[in-house]
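The values are calculated or read from the model by the stated rules, or taken from the named source; none is laboratory data. Note that this is a predicted model, so its numbers are computed, not measured. Cβ placement follows ideal geometry from the backbone for every residue including glycine, while neighbour counts extend to all protein chains displayed.
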Amino acid sequence: MKNLHQYDPLNPVKCLESHLKVLVLKNYTGGEEEVGFAKFFVFNARVVKEINFAVCDRIAIDKNWMTDQLRLLQVEARASQDARLKFRSGYSHLQTNYVNSSDLSIADPFS
């Protein structure tokens with residue numbers, strides 16, 4: 001896996017600098033791409049308090065898997081030293097949440 005660099009500090013992502021408090025990654029398996037994606041937030045989210053990994057039910061979370069994930073995520077170098085990483089098992093890859101396309105026609109569908 002390539003070593004990830006921080007984003008360009010001259011063009012900071014505002015939510016990573018001051019807003020993002022909780023991140024939830026669903027259907028996490030700990031594969032190379034997912035680890036790389038998660039590491040971006042581990043290294044750059046300065047005020048995050050909690051990163052929740054909803055681990056796919058096909059993955060057996062044991063001590064070796066956890067140790068390997070923490071090593072791959074390089075948590076000792078995290079941007080927010082207060083951040084807690086939580087791994088929860090049993091997330092079904094079949095669980096989905098859909099938003100009706102008609103809801104996307106309003107000005108702010110997330111309000």
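If we scan the stretch 96-103, do we find a residue that is part of a loop (DSSP other than H, G, I, E, B), at pLDDT 90 or above and not charged (D, E, K, R)?
Applying the first criterion (part of a loop (DSSP other than H, G, I, E, B)) to the stretch 96-103 yields 96-100.
Next, only the ones that are at pLDDT 90 or above stay: none.
No; the residues of the stretch 96-103 include none that is part of a loop (DSSP other than H, G, I, E, B), at pLDDT 90 or above and not charged (D, E, K, R).
I'd like the full set of residues that are surrounded by 13 or more Cβ atoms within 10 Å (Cβ to Cβ) and either among the aliphatic types (A, V, I, L, M) or more than 11 Å from residue 35 (Cα to Cα) (or both), limited to the stretch 69-80.
Within the stretch 69-80, the subset surrounded by 13 or more Cβ atoms within 10 Å (Cβ to Cβ) is 69-70, 72-75, 78-80.
Correct list: 70, 72, 73, 75, 78, 79, 80.
Kindly establish whether residue 52 is surrounded by 14 or more Cβ atoms within 10 Å (Cβ to Cβ) and modelled with pLDDT of 90 or more. Break it down into steps so the answer makes sense when it comes.
Details: surrounded by 14 or more Cβ atoms within 10 Å (Cβ to Cβ): yes; modelled with pLDDT of 90 or more: yes.
For residue 52, the condition - surrounded by 14 or more Cβ atoms within 10 Å (Cβ to Cβ) and modelled with pLDDT of 90 or more - is met.
Would you call residue 56 of a type in the set (A, V, I, L, M, F, W, C), touching a His at 6+ places or on another chain (Cβ under 8 Å) and more than 13 Å from residue 70 (Cα to Cα)?
Numbers: of a type in the set (A, V, I, L, M, F, W, C): yes; touching a His at 6+ places or on another chain (Cβ under 8 Å): yes; more than 13 Å from residue 70 (Cα to Cα): yes.
So residue 56 fits the description; yes.
Which one of the conditions (1) at pLDDT below 95; (2) among the aliphatic types (A, V, I, L, M); (3) surrounded by 13 or more Cβ atoms within 10 Å (Cβ to Cβ) does residue 35 fail to meet, given that it meets all the rest?
Looking at each condition in turn, residue 35 falls short on (1).
Evaluate the stretch 60-67: report whether one residue or more is over 19 Å from residue 18 (Cα atoms) and buried (at least 19 other Cβ atoms within 10 Å of the Cβ).
Kept after step one, since they are over 19 Å from residue 18 (Cα atoms), are these residues of the stretch 60-67: 60-67.
This time we only want the ones that are buried (at least 19 other Cβ atoms within 10 Å of the Cβ), so: none.
No.
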